[in-house]
Amino acid sequence: MGAPAALGNPEEKPAHEGIVPSFYLDKTEVTVAAYAKCVAAGACEKAHSTHRFCNVKLDDRDDHPINCVDLYRAAAFCKWAGKRLPTEREWEYAASAGRERRKFSWGNNDPTPKIACYDHPGGSCPVASFEPGAFGLYDMSGSVWEWT
């Protein structure tokens, strides 16, 4: 886990080995529409909507990932859905293609707007808009941040 000494952010250091037991991960991020069902069921609080890129306040974003939720709202959704947030180790394993240790889930090429949701003027893209990366998972890099 973590980044090599010459790469990455301070919180990604030091790089170290970690054991990752088998786990399941959803193929896409949670969408605005899915999160809205949790809110309607009374199990989740509404997402924040003060930032200009908060998807809940923008039109035609039902198929975009939910954003502007804190860790507690994310965990509440998972509990409602009968799931849990991935651990940091699980997420990093999935995002880097496991033992392959890719820089990004699609490989080692730097991101571009043609292969992932990077530098998008709307802040996010509909989930699964690009080819899946490692393990058939979508949007592991780009678009919005994930909670672990």
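Tabulated data
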{"quantity": "Any hit, the range 125-138, residues being part of a loop (DSSP other than H, G, I, E, B), more than 19 Å from I66 (Cβ to Cβ) and open to solvent by 70 Å² or more (accessible area, probe 1.4 Å)", "calculated": "yes"}
{"quantity": "Hits in the range 104-124 - residues which are open to solvent by less than 70 Å² (accessible area, probe 1.4 Å) and not aromatic (F, W, Y)", "calculated": "S105, G107, P111, T112, I115, A116, C117, G122, G123, S124"}
{"quantity": "Selection count, the range 28-57, where residues are surrounded by fewer than 14 Cβ atoms within 10 Å (Cβ to Cβ) and within 14 Å of C78 (Cβ to Cβ)", "calculated": "2"}
{"quantity": "Any chance E88 is over 16 Å from the mean Cα position of the chain (by Cα), open to solvent by 70 Å² or more (accessible area, probe 1.4 Å) and touching a residue at least 12 places away in the same chain (Cβ under 8 Å)", "calculated": "no"}
{"quantity": "Residue satisfying condition, being in contact with a Leu (Cβ under 7 Å, 6 or more places away or on another chain) and either over 23 Å from Y138 (Cα atoms) or open to solvent by 40 Å² or more (accessible area, probe 1.4 Å) (or both), within set L25, L7, L71", "calculated": "L25"}
{"quantity": "Some residue of the range 28-43 being more than 14 Å from S143 (Cβ to Cβ) and modelled with pLDDT under 90", "calculated": "no"}
{"quantity": "Failed item in (1) charged (D, E, K, R); (2) open to solvent by 50 Å² or more (accessible area, probe 1.4 Å); (3) at negative phi, with D60 passing the rest", "calculated": "(3)"}
{"quantity": "Residue count for the range 14-27, restricted to those that are farther than 14 Å from A95 by Cα and modelled with pLDDT of 70 or more", "calculated": "7"}
{"quantity": "Enumeration of residues in the range 122-148 that are aliphatic (A, V, I, L, M) and in contact with a strand residue (DSSP E or B) (Cβ under 6 Å, 6 or more places away or on another chain)", "calculated": "V127, V144"}
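So that you can scan it fast, the table gives a plain yes or no per residue for (1) more than 13 Å from the chain's Cα centre (by Cα); (2) crowded, with 19+ Cβ neighbours inside 10 Å; (3) modelled with pLDDT under 90:
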{"residue": "K83", "(1), (2), (3)": "yes, no, no"}
{"residue": "R102", "(1), (2), (3)": "yes, no, yes"}
{"residue": "M140", "(1), (2), (3)": "no, yes, no"}
{"residue": "S143", "(1), (2), (3)": "no, yes, yes"}
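The values are calculated or read from the model by the stated rules, or taken from the named source; none is laboratory data. Treat the numbers as computed from the prediction; the structure is a model and nothing was measured. Note that each Cβ is placed from the backbone with ideal geometry, even for glycine, and that neighbours are counted across all protein chains shown. The protein model used for the area step is the full one, side chains on, heavy atoms only, and it has no ligands, DNA or RNA in it. Shrake-Rupley method; radii C 1.70, N 1.55, O 1.52, S 1.80 Å.
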